[in-house]
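Step one of this worksheet: look at the structure below.
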Amino acid sequence: MTATPFDTRHGMPKIREGLTPEARRLLAQSVSPNTVRAMQADLRVYRQAGGRLPATDIEIANYLSDQNALGKKPATLERYANSLHMWHRYMNLPSPVHTMAVRSVMRGIKRTRDMRQASAPALRLDELYVLLSKLDRETLHGLRDAAMFTLAFYGAFRRS
């Protein structure tokens, strides 16, 4: 079994020989723990599907095609491809992900799949009234929440 480039005990890329302690500290902080976990999960999916590391462009293209046939969303397939790319980069190997075969398969997936983002319906005025009627506007929290909902509605602001 080929080692992954991530030290699972510390959640960071494996340290290369010759780095100073300060360079090691900065390297450890270069990737967030959530990113490391996501990449490890993506590599696990690849290995469970029979993938070998390091991989060839044909293996990755076939893997992405198979995952597409299983119904995985294009955004998930992009993340899988990026995780495989980063694994190769951390191992100081050329990335097969950016070859024409892999890029063309991803382009084909995007062209044949519905890429529109599913969006929630807009809040209507009568729904805002129902929402506001449920708040206890006698408390500071309720008054604050009512002001925020009203401001967000009339400003047509999104959740973010």
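The values are calculated or read from the model by the stated rules, or taken from the named source; none is laboratory data. As the structure is a computational prediction, the values presented were derived from the model and not from experiment. Note: ideal-geometry Cβ built from the backbone for every residue, glycine included; neighbour counts use all protein chains shown. Protein only, heavy atoms only, side chains kept; ligands, DNA and RNA dropped before computing areas. Shrake-Rupley method; radii C 1.70, N 1.55, O 1.52, S 1.80 Å.
Per this entry, residue 39 is counted among residues that are open to solvent by less than 30 Å² (accessible area, probe 1.4 Å) and modelled with pLDDT under 95.
If a residue has to be in a helix (DSSP H, G or I) and surrounded by fewer than 18 Cβ atoms within 10 Å (Cβ to Cβ) to count, how many in region 42-56 make the cut? Residues flagged as in a helix (DSSP H, G or I) and surrounded by fewer than 18 Cβ atoms within 10 Å (Cβ to Cβ) within region 42-56 amount to 4. Does residue 24 qualify as being assigned to a helix (DSSP H, G or I) and either open to solvent by 10 Å² or more (accessible area, probe 1.4 Å) or among the β-branched types (Val, Ile, Thr) (or both)? Yes; evaluated as a whole, the condition is true for this residue. Exactly one residue out of 124, 137, 52, 79 is under 30 Å from residue 156 (Cα atoms) and in contact with a helix residue (DSSP H, G or I) (Cβ under 8 Å, 6 or more places away or on another chain), and it is 137. Look at (1) over 30 Å from residue 155 (Cα atoms); (2) free of Cβ contacts under 8 Å to residues at least 60 places away in the same chain and you find that residue 90 fails only one, number (2).
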